[in-house]
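Visitor: So that we are looking at the same thing, I have put the structure below in structure tokens.
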Amino acid sequence: MTRQPFRRDGHRGETLRFRFDGRDYEGYRGDTLASALLANGVRAVATSVRLGRPRGVFAAWTEEPNALVQIEHPFPEPMLQATTVELYDGLVARGLPGKGRLSGEADPARHDGVYAHCDVLVVGAGPAGLSAALSAAGSGARVVLADDRPVPGGSLPDTAETVDGLPGAEWAAAALAELDGHPEVRVLARTGVLGYYDDNYLVAVERRGERASSRERLWRIRARRVVLATGAHERSVAFAGNDRPGVMLASAARAYVNRYGVLPGRRAVVFTANDSAYAAARDLTAAGVEVAAVVDVRRGGGRSWDGSEVLAGHLVTGVDGQDGVSSVTVSPDPRGGLAGDREIEADLLLVSGGWNPVVHLFGQAGGRLRYDERLGALLPAATRQAVEVAGAARGLSTLGRCLADGAAAGARAAEAAGFRAGRRSAARAEDVAAALAEHVWLVPAADYRGHFVDLQRDVTVADVMRATRAGLRSVEHVKRYTTAGTAHDQGKTSGLLTSGVVAHLLEVDVAELGTTTFRAPYVPVSFATLAGRDRGALHDPVRVTPLHGWHVARGALFENVGQWKRPRYYPRAGEDMRAAVLRECAAVRRGAGAMDVSTLGKIDLQGPDAAELLDRLYTAMMSTLPVGAIRYGVMCQPDGTVFDDGTVTRLAEDRFLATTTTGNAAAVLDWMEEWLQTEWPSLRVYCTSVTEQWATVALAGPGSRAVLAGLAPGLAVDGESFPFMTWREARVAGIEARVCRISFSGELAYEINVSAWDGLALWEAVQGSGAVTPYGTETMHVLRAEKGYPIVGQDTDGTVTPADLGLGWVLSGKKADYVGKRSHARPGDLRPDRKHLVGLLPDDPDRLLPEGAHLVATARLPEPPVPALGHVTSSYRSAALGRTFALALVSGGRERVGDRLYVPVGAEQVPVTVTRHVLYDPEGARRDG
Amino acid sequence: MMLIPCPWCGPRDEAEFHYGGQAHVAYPADPAALSDAEWARYLFFRDNPKGPFAERWSHAAGCRRWFNVVRDTATNEIHAVYRAGGQRPVSP
Ligand SMILES: [Zn+2]
């Protein structure tokens, strides 16, 4: 058995075993999966996404549109290009039908992120990039050289050209070694730059492999200057059958022969519009591939060629062979007046339609591009970013010019970053004069359904034609209509070809069409790499109170409130949520319950103008609050809608403590800071978050006074000594505490605040009294809803004013202004049909309404559009009422009390009766116990 | 990722900042004296130029100070940075 039948004579390496589509093969270290497959004669690698046509390896690096594979082992990874997967021992892969499949398992690999700063970032380690890095490094600048290939040199190992008298690959290795000797230079191999953002912020992915501590690293690099030496991609021509396995870019075939020692076929036809393909033909011939003919669209042909026949002024008009090229049909260009088709037997067809400078990153950076008629390519024009473009990336085509251009760009970049570039002469190479290229986009035919423009998206000239015949003129529109250029190869080989075909069909110049927008990522990137270690709690921190361990030990079930974990309820054996919450509610209404409310936001405000600031931000008057007292407050946006609510405690003449809702603590602090800094800088106030410095236990229920008295024997707890909405300092369970008499349940209640360190001791003492039931947020929600107390963000939605919530009493009439006051006098805020917070009682007392459900007036749904009167904001089962109930925002709701409305739930119209929003103890008799 | 020069901390990544919309839209001295239309103009109307725009930023994950920036909305180029309450520098 001949192993690797298409391996070039004399090419050896460490043997690696791999499996593809269920068959075992061997390749060499240094291969890509694509080169190893070609070495084994595998032509059809994948099938196309839309038409299911067999596809082979078309390119040799990141521009590959066809050879999409899925890695199966060691870990399933979808949609990789066989041309960029470095072969390793034990690799198991298969070809894809255009789409990959995500693994159901969690990826065990680690991914990391790195931040880097440098004076000069050079992207690309080809001839221009290495030259740029060398001259920048010589100035002493901090240089980062990022290159996506495993070995340096860019195209040099592909072309086997000579630099400074050395084989290109050797020169590149020596250049890299010299760079490694500079202490301020960092070389990142296997690192593809995929995004270029504002102010020279670039993002790159370093592929470190399965054996490294992390599979990939995401580099975020801020560079003072950037040199883009990103090279050029060869492009195809649209002709019939140009998607067959065996049709390959000429430069790719040259790379397989020279870099990988692989023969991509035995007998080749070369189809070209420029001279570069002749070099490929020469190298293939030297490697033992028979070049049957060079088909050159130019009537004068190309540079002198001592190989096979040159068919000047000819076109490839057909390709035969289902799973691989078997013959190529060649015809004279009809414009030349000649006739007579020829069929040439071949298993390989090399194509060169021209070269596209890789301007993706330049375009992402906001750089403008211009179409160059002579080169038939988009070239970088102006940009405001601090960037140089060097070498083939700006349209230079010969090695010597690229080397010199890179060296000059590196020196310019270093100097612009404030360094003095030394006098270093650029590396030299022989420049071969080339004949002028011609720009051919498509080969005329009667039927364009087999002329592929975008191989990955299966877009043909016929598809583009349908777009232009539909009246589309802009390439951006054609791209969206046909999907050309939108696949994960980012149109590297198809983008400009699409423009060329559109221009041909519309009979305009390519330059008139403008360009499509280049967007990151230049090469595909996995979400795992973007996330790095920012996963789980490292992405979204979990905040817990000092009592958390106790809640966990008692089997509490938690809910997330912002980043906080709050106990939702504490089920006993055999209890579901419904039973547990009813039990907890009853315990609070009949005896005493305790809840961990440490998560409430707490802001300490100090300064002579603290009272003035609070007067301006809260709707109520806060400056008249005596020391020792507490007031409920609502904050509004300038448009009059509710922003947050909480209590304000006056600790001293010049010191207050404001509480916020759990989820809004940071926003309220930001709000205060913003007004202080931007509108009222003359107010002398300091605002400090003290949320985590305090642990707070709410003690609620008619039995709470006795519990507190037992824990705080020194505190006079009777109603006269310690009235509602006041606070006292006391020792509770021997701990220094601030006790506030406030209630969020309507029951006699206290909030006991202690240092966070003492929180657990306080909580255990409260529980140790034996008379207290721990309760969670669900019970708290039910109890407050029974009292009609709204929860900001649940019963409000950014359109709701305090008056809508029945909180007109918190709007100060005495103050000349507060934030939102002027809006409360706008006609829209005074409309009688505003949505008011009301209660709802379903006719069926066991019926629980879904939150978010709409309300309508009629028992039968009319034809749409159905006028909705409002929606259910909160809905619970009430132990105290012995039935279900809900809160809702209803248009003109306070005028509808007693009315019958309907809640459509599925096909049903659930009847409800509107009530006032306070359903329990409307007189407030229970507040004082 | 813009590089925003905080007047207090120096150049920092955009991700550290919080955007605050158009600058120099002062809270009216006496809202009650404004007509509904004048108040609505303060509440809801903001400029949206393509080009230089004076806007407010806060260094939320840094010094937490608010300041003003003149930024070109088309290119993200920052022309000037100055303290809250300061005058917008003359051109560009
Ligand atoms: Zn700062």
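The values are calculated or read from the model by the stated rules, or taken from the named source; none is laboratory data. Everything quoted here is computed from the prediction, not taken from an experiment. FYI the Cβ positions are ideal-geometry reconstructions off the backbone, even for glycines, and counts take in every protein chain you see. SASA here: full protein model, heavy atoms, side chains in, ligands and nucleic acids out. Shrake-Rupley method; radii C 1.70, N 1.55, O 1.52, S 1.80 Å.
Visitor: Which order do A:TRP763, A:TRP550, A:TRP809, A:TRP305 take by accessible area at a 1.4 Å probe, largest first?
Guide: A:TRP809, A:TRP305, A:TRP550, A:TRP763
Visitor: Between rounded, prolate and oblate, where does region A:399-510 land on the alpha carbon gyration tensor, with a ≥ b ≥ c its root eigenvalues, rounded for a/c under 1.5, else prolate if a/b exceeds b/c?
Guide: Judged from the Cα gyration tensor, region A:399-510 comes out prolate (a/c at least 1.5, a/b above b/c).
Visitor: Viscosity 0.890 mPa s, temperature 25 °C: give me the Stokes-Einstein translational D for region B:3-83 in µm²/s, with Rh taken as the Kirkwood radius over C-alpha pairs.
Guide: Translational D for this selection: 177 µm²/s.
Visitor: In whole Å, how far is the Cα centre of region A:764-828 from that of region A:434-509?
Guide: With region A:764-828 and region A:434-509 each reduced to a Cα centre, they are spaced 61 Å.
Visitor: Please work out the FRET efficiency for the pair B:GLU38 and A:ALA434, using the Cβ-Cβ distance as r and a Förster radius of 60 Å; give the result to the nearest 0.05.
Guide: 0.30
Visitor: List the trypsin sites (Lys or Arg not before Pro) within region A:493-556 that fall in a DSSP loop (any state other than H, G, I, E or B) and whose Cβ has at most 14 other Cβ atoms within 10 Å.
Guide: Taking region A:493-556 and a limit of 14 other Cβ atoms within 10 Å, the loop trypsin sites (Lys or Arg not before Pro) found are A:ARG519, A:ARG533, A:ARG535, A:ARG554.
Visitor: Rounding to the nearest 20 debye, state how big the charge dipole of region A:440-508 is about its Cα centre with +1 on each Lys and Arg Cβ and -1 on each Asp and Glu Cβ.
Guide: For this selection, approximately 160 debye.
Visitor: Treating only the Cβ atoms of Lys and Arg (+1) and Asp and Glu (-1) as charged, compute the dipole magnitude of chain A about its Cα centre; round to the nearest 20 debye.
Guide: The dipole magnitude comes to about 620 debye.
Visitor: Quick check: with the 1.4 Å probe, what order do A:LYS814, A:LYS787, A:LYS99 take by accessible area, largest first?
Guide: Greatest to least solvent exposure: A:LYS814, A:LYS99, A:LYS787.
Visitor: Another question about this same structure. If contacts are Cα pairs under 8 angstrom and at least 6 residues apart, what is the relative contact order of region B:3-83 in percent?
Guide: Value for region B:3-83: 31 percent.
Visitor: Based on Cβ point charges of +1 for Lys and Arg and -1 for Asp and Glu, what charge dipole magnitude is obtained for region A:510-566 about its Cα centre, in debye rounded to the nearest 20?
Guide: About 400 debye.
Visitor: Probe of 1.4 angstrom, ligands and nucleic acids ignored: what's the accessible area per residue over the protein assembly as shown, in square angstrom?
Guide: 42
Visitor: Another question about this same structure. Could you work out how far the C-alpha centroid of region A:583-629 sits from that of region A:705-732, in angstrom?
Guide: Answer, in whole Å: 17.
Visitor: Over both sides of the A-B contact, add up the buried accessible area with a 1.4 Å probe and give it to the nearest 100 Å².
Guide: 2200
Visitor: Which of A:GLY336, A:ALA462, A:SER276 sits farthest toward the positive end of the charge dipole of chain A, with +1 on the Cβ of Lys and Arg and -1 on the Cβ of Asp and Glu?
Guide: Farthest along the dipole direction, towards plus: A:ALA462.
Visitor: While we're here: Which of A:LEU811, A:ALA925, A:LEU513 sits farthest toward the positive end of the charge dipole of chain A, with +1 on the Cβ of Lys and Arg and -1 on the Cβ of Asp and Glu?
Guide: So the residue furthest toward the plus end is A:ALA925.
Visitor: Of the accessible area of the protein assembly as shown, with the probe set at 1.4 angstrom, what percent is carbon plus sulfur?
Guide: 50
Visitor: Let me ask another. Could you tell me which residue out of A:VAL295, A:VAL325, A:ALA346 lies farthest along the dipole of region A:236-353 toward its positive end? Charges go on the beta carbon: Lys and Arg +1, Asp and Glu -1, centred on the Cα centre.
Guide: So the residue furthest toward the plus end is A:VAL295.
Visitor: Moving on to the next point. If I model a spin label at A:ALA531 and A:LYS814 as a point 7 Å from the Cα along the Cα→Cβ vector, what separation in nanometres do I get?
Guide: With each label placed 7 Å out from Cα toward Cβ, I get 5.5 nm.
Visitor: Under a straight-distance cross-link criterion of Cα-Cα below 29 Å, which lysines are reachable from B:LYS50, leaving out those fewer than 8 residues away in the same chain?
Guide: Here the lysines satisfying the reach criterion relative to B:LYS50 are A:LYS479.
Visitor: Under 8 Å for C-alpha pairs, at least 6 residues apart: give me the relative contact order for chain A, rounded to a whole percent.
Guide: Contact order relative to length: 9 percent.
Visitor: Now a separate question. Apply the membrane-span-like helix rule to chain A: whole DSSP H runs, Cα extent along the own long axis of at least 24 Å, mean Kyte-Doolittle hydropathy at least 0.0. List the helices found.
Guide: A:399-416
Visitor: Enumerate by residue number the trypsin sites (Lys or Arg not before Pro) in region A:158-219 meeting two conditions: DSSP loop (anything except H, G, I, E, B), and at most 15 other Cβ atoms within 10 Å of the site's Cβ.
Guide: When the trypsin sites (Lys or Arg not before Pro) of region A:158-219 are filtered for loop state and at most 15 Cβ neighbours within 10 Å, A:ARG211 remain.
Visitor: Could you order A:THR529, A:THR230 by accessible surface area, starting with the largest, using a probe radius of 1.4 Å?
Guide: The most accessible residue leads, giving A:THR230, A:THR529.
Visitor: Let me ask something else. Let me check I've understood the local charge: for A:PHE419, count other residues with C-beta under 12 angstrom from its C-beta, Lys and Arg +1, Asp and Glu -1. What total comes out?
Guide: Around A:PHE419, the surrounding residues sum to +2.
Visitor: Under 12 Å from the Cβ of A:GLY195, count the other residues' Cβ atoms, weight Lys and Arg +1, Asp and Glu -1, and hand me the total.
Guide: Neighbour charge sum, excluding A:GLY195 itself: +1.
Visitor: Label region A:1-107 by shape, choosing from rounded, prolate and oblate, from the square roots a ≥ b ≥ c of the eigenvalues of the Cα gyration tensor; if a/c is under 1.5 it is rounded, and otherwise prolate applies when a/b is larger than b/c, oblate when it is not.
Guide: Oblate shape, in that a/c is at least 1.5 and b/c is the bigger or equal ratio.
Visitor: When only Cα pairs under 8 Å and 6 or more residues apart are kept, what is the percent relative contact order across region B:1-46?
Guide: Relative contact order of region B:1-46: 23 percent.
Visitor: Where is the GNM fluctuation largest for chain B (alpha-carbon springs, 10 angstrom cutoff): B:PRO11, B:PRO31, B:PRO49?
Guide: B:PRO31
Visitor: Can you pull out the trypsin sites (Lys or Arg not before Pro) in region B:30-92 that DSSP calls coil and that have at most 12 other Cβ atoms within 10 Å?
Guide: Passing both the DSSP loop test and the Cβ count: B:ARG46, B:LYS50.
Visitor: Measuring from centroid to centroid over Cα atoms, what is the spacing of region A:404-427 and region A:865-895 in Å?
Guide: That distance is 73 Å.
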